[in-house]
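Nothing in this text is a laboratory measurement; each read-out follows from the coordinates by a stated rule. Just so you know, these numbers come straight off a predicted model, no measurement behind them. All Cβ positions, glycine included, derive from the backbone under ideal geometry; neighbour counts span all protein chains shown.
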């Protein structure tokens, strides 16, 4: 299932990781593991935010997916199923 993960990083913790040079490394490790179809980074709500769209095969993948954001970045993490335009069309076609 296609999901979107939104990780809102703790500012103090992210500042520390940037100063030590560890933030890019940690983010790259996550990208290498998840192979997202899309990855975006930017300020949302005044905080550094990571948005990843990727395929989650099983709900058991949730703990190892979110844990680096929780433990290393003290982030607020949200994960929700999402659709692209083709998925949406398929879904609406099933309602007829």
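Within the range 74-91, identify whether any single residue is in contact (Cβ under 8 Å) with a residue 40 or more places away in the chain, closer than 30 Å to residue 16 by Cα, under 14 Å from the mean Cα position of the chain (by Cα) and surrounded by fewer than 10 Cβ atoms within 10 Å (Cβ to Cβ), and answer yes or no. Yes, there is a match, as at least one residue in the range 74-91 is in contact (Cβ under 8 Å) with a residue 40 or more places away in the chain, closer than 30 Å to residue 16 by Cα, under 14 Å from the mean Cα position of the chain (by Cα) and surrounded by fewer than 10 Cβ atoms within 10 Å (Cβ to Cβ). Checking 36, 68, 64, 43 one by one, the residue that is part of a strand (DSSP E or B) and without any contact (Cβ under 8 Å) to a residue 60 or more places away in the chain is 43 and no other. Residues that are free of Cβ contacts under 8 Å to residues at least 40 places away in the same chain and either touching a helix residue (DSSP H, G or I) at 6+ places or on another chain (Cβ under 7 Å) or under 17 Å from residue 13 (Cβ atoms) (or both) within the range 46-61 comprise 46, 47, listed in sequence order.
Filtered by the rule that a residue be more than 18 Å from residue 17 (Cα to Cα), surrounded by 12 or more Cβ atoms within 10 Å (Cβ to Cβ) and in contact with a strand residue (DSSP E or B) (Cβ under 8 Å, 6 or more places away or on another chain), the range 37-73 gives 39, 40, 44, 51, 52, 53, 54, 55, 56, 62, 65. Would you mention how many residues in the range 70-96 are within 26 Å of residue 15 (Cβ to Cβ) and in contact with a helix residue (DSSP H, G or I) (Cβ under 8 Å, 6 or more places away or on another chain)? Matching residues across the range 70-96 total 6.
Total residues in the range 16-33 satisfying the condition of being surrounded by 10 or more Cβ atoms within 10 Å (Cβ to Cβ), within 15 Å of residue 56 (Cα to Cα) and out of contact with any helix residue (DSSP H, G or I) (no Cβ under 7 Å at 6 or more places or on another chain): the figure is 2.
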